[in-house]
Amino acid sequence: MKKYGAEFVGTFWLVLGGCGSAVLAAAFPDVGIGLLGVSLAFGLTVLTMAFAIGHISGCHLNPAVSVGLWAGGRFPAKQLLPYIIAQVLGGICAGGVLYLIASGKTGFDVSAGFASNGYGAHSPGGYSLQAALVAEVVMTMAFLIIILGATDKRAPQGFAPIAIGLALTLIHLISIPVTNTSVNPARSTGVAVFVGGWAVQQLWLFWIAPIVGGVLGAIIYRALATPEN
């Protein structure tokens, strides 16, 4: 249960820190942190929690990561569903806290997006469903390759949180204009449930694409890392 609690807390922090920076600080008058700041915020949530709870739960914070680690032979199947449930609940609770904070400002309108992920008319840059699908699959695939490589016993020890946090920062720098960057079904769900409507209708993509990408990343890393005979 401590592992599941750690995943809940870690995912809560990821959604509150990452989506909170987008909702509350990205366009704040005169001192908005912008795309670069939001990207860095997401990376920092993972980096800080990896040091804080990595030794407790492995700090997945993401159903696609848990599935990818399972596909990569690093995580037992029996813990997969409880981890995903804990992550989604943590994301939704963070979305609720963020909603309480954001709604304290006059003129707040949750239908404006609330850091939700989307494609087509709801993509920040107007990118198509196909573009969003490719971006989410490829970005999550790369994320899993980096996670599996950085945490490999043969890799330099103690630096994995830094590599993984910077990877998530880079992923956001690339793909925020396309989908607002998911690569994490729990992150997407955590805010979409408060927006409802289009955000929930498009949520399927941000479950399927990251999980497919996570499995592909695991397959590729296993192929690369398996010693040749």
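The values are calculated or read from the model by the stated rules, or taken from the named source; none is laboratory data. Keep in mind that what you see is a predicted model, and the values were worked out from it rather than measured. Cβ: placed from backbone, ideal geometry, glycine included. Neighbour counts: every protein chain shown. Side chains are part of the model used for accessible areas, which takes the heavy atoms of the whole protein and leaves out ligands, DNA and RNA. Shrake-Rupley method; radii C 1.70, N 1.55, O 1.52, S 1.80 Å.
Annotations
- Matching residues in the stretch 94-124 - criterion: being open to solvent by 50 Å² or more (accessible area, probe 1.4 Å), within 22 Å of His172 (Cβ to Cβ) and not aliphatic (A, V, I, L, M): Tyr99, His122, Pro124
- The residues on offer are Leu69, Leu47, Leu89, and the sole one that is in contact with a Pro (Cβ under 9 Å, 6 or more places away or on another chain), in a helix (DSSP H, G or I) and touching a residue at least 40 places away in the same chain (Cβ under 8 Å) is Leu47.
- Residue match in the stretch 7-28 (condition: on the phi < 0 side of the Ramachandran plot, in contact with an Asp or Glu (Cβ under 7 Å, 6 or more places away or on another chain) and assigned to a helix (DSSP H, G or I)): no
- Subset of the stretch 25-40 [within 17 Å of the chain's Cα centre (by Cα) and surrounded by fewer than 23 Cβ atoms within 10 Å (Cβ to Cβ)]: Leu35, Leu36, Gly37, Leu40
- Pair list, Cβ under 9 Å, 6 or more apart: the stretch 144-171 residue without any contact (Cβ under 8 Å) to a residue 12 or more places away in the chain, other residue charged (D, E, K, R) and surrounded by fewer than 21 Cβ atoms within 10 Å (Cβ to Cβ): none
- Evaluation of His60 against (1) in contact (Cβ under 8 Å) with a residue 40 or more places away in the chain; (2) part of a helix (DSSP H, G or I) (one fails), failing number: (2)
- Subset tally (residues that are within 16 Å of Leu47 (Cβ to Cβ) and surrounded by fewer than 14 Cβ atoms within 10 Å (Cβ to Cβ)) for the stretch 125-154: 0
- Within the stretch 10-18, not a single residue is over 20 Å from Leu144 (Cβ atoms), without any contact (Cβ under 8 Å) to a residue 60 or more places away in the chain and of a type in the set (A, V, I, L, M, F, W, C).
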